[in-house]
Amino acid sequence: MHVVVVTKSTPDTEATVTVEAGGNVNWGDKLVVNPWDEYAITEAVLLKGAHGGQATILTLGGEEQQEALKHGLAIGVDQAIRIWDPALQNHDSLGYAAAVAAAIRKLGDVDLVIFGKELSDIASDQHIFQVARRLGWNMIGFVSKIESLDAGAGTIRAQRLTERGTETVTSKLPAVISVVKDINEPKYPTFIGIRKAAKAEMPVWGLGDLGLDASAVSPRTQVAGHRELPKREGTVEMIEGSPQEQAARLVEKLLEEKIL
């Protein structure tokens with residue numbers, strides 16, 4: 001069985017966020033493994049231990065993503081691969097999905113892909129569903145427990161959280177799932193694991209390695225914002241007189257403005 005977990009380094013939730021003079025948001029220099037991904041990485045290692053086979057950790061991004069890969073290797077993932085190419089510099093979620101799906105296909109024998117519930121820095125999970133769509137595989141979101149997994153029969157049975165409680169679903173493999181924190185207790189790196197991860201080779205796959213060209217990952221959506229916030233303008237009118245006169249005049253004003 002081959003399990004792939006996809007991760008990302010995100011800003012530390014305790015980081016001091018500042019806005020620069022040009023309007024850009026500065027999250028600080030400290031990056032950590034996306035908190036939701038700690039459960040996904042742990043689940044990949046647990047599944048490997050229970051069913052045999054191998055576990056691979058993938059990420060997309062520059063060298064700042066290396067620490068997320070090392071984290072996975074340090075707790076028991078077998079191999080780590082980083083996806084990066086200059087054409088991905090301003091990628092959107094569709095470009096992300098195209099590159100990640102191509103990397104999973106390149107691995108060739110993947111049975112299950114695991115994501116954390118969402119990315120904490122943008123509070124979004126659309127990239128997960130887009131990867132599943134690109135692969136043409138079933139997607140199970142918000143998984144809180146994997147009840148059974150049979151790589152030989154090609155089936156998975158899992159509990160997932162819903163607004164009304166939980167539901168149990170089954171799917172054919174290969175499949176894509178996203179997990180929530182109820183699924184396990186995260187593993188943490190050991191000293192030996194950290195030393196092993198520091199020496200591991202982590203190949204970088206570019207678009208050429210994935211059989212893609214720049215047009216496949218070029219952004220189709222753009223986010224635009226104001227460099228300067230619009231000025232807030234208004235007037236204040238003080239109502240004079242006794243409390244009774246002030247109350248009466250206030251009611252008149254509210255009626256004139258059709259608030260009452």
So what's the gap between the Cα centers of the stretch 91-132 and the stretch 46-68, to the nearest angstrom?
13 Å
Quick one, what does Rg over Rh come out to for the chain if you take C-alpha atoms and the Kirkwood Rh?
1.18
Using 7 Å Cα-to-Cβ label points, what is the residue 21/residue 166 separation (nm, one decimal)?
5.5 nm
Binning at 5 Å from 0, report for the stretch 59-114 what percent of all alpha-carbon pair distances ends up in each bin.
4, 16, 26, 25, 20, 8, 1
Take peptides 105-116, 135-146, 158-169, 181-192 and line them up by average Cβ neighbours within 10 Å, highest first, as a rough protection proxy.
105-116, 135-146, 181-192, 158-169
Once you list every other residue whose beta carbon is under 11 Å from the beta carbon of residue 64, what net charge do they have if Lys and Arg are +1 and Asp and Glu are -1?
0
Would you work out the relative contact order for the stretch 2-217, in percent, from Cα pairs under 8 angstrom that are 6 or more residues apart?
26 percent
Quick calc: nm separation of the 7 Å Cα→Cβ label points for residue 105 and residue 138 -> 2.2 nm
Interchain or sequence-distant (5+) residues whose placed amide H lies within less than 5 Å of the amide H of residue 117 are 179
Straight-line reach from residue 196: which lysines fall under 17 Å, measuring Cα to Cα and dropping same-chain residues less than 8 apart?
70, 187
Apply the Karplus curve 6.51 cos²θ - 1.76 cosθ + 1.60, θ = phi - 60°, to the phi angles in the stretch 111-120 and return the couplings in whole Hz, x for Gly and Pro.
9, 8, 10, 10, 10, x, 3, 6, 8, 5
Expressed in nanometres to one decimal, the distance between label points 7 Å along Cα→Cβ at residue 124 and residue 258 is 3.8 nm
Stretched fully, the stretch from residue 247 through residue 195 gains (0.36 nm per residue minus C-alpha distance, one decimal, in nm) 11.3 nm
Partners for residue 199 among aspartates and glutamates (Cα-Cα distance below 18 Å; same-chain residues under 8 apart left out):
63, 64, 67, 78
Taking a straight Cα-to-Cα line shorter than 13 Å from residue 145, and setting aside same-chain aspartates and glutamates fewer than 8 residues away, one finds 43, 167, 182, 185
Hey, what D do you get for the stretch 123-222 in µm²/s if you plug the Kirkwood alpha-carbon radius into Stokes-Einstein at 37 °C and 0.692 mPa s?
194 µm²/s
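No lab work stands behind these numbers, since they all come straight from the coordinates. The shown structure was predicted, so the numbers you read here are calculated from the model rather than taken from an experiment. Virtual Cβ from ideal backbone geometry, glycine too; neighbours counted across all protein chains shown.
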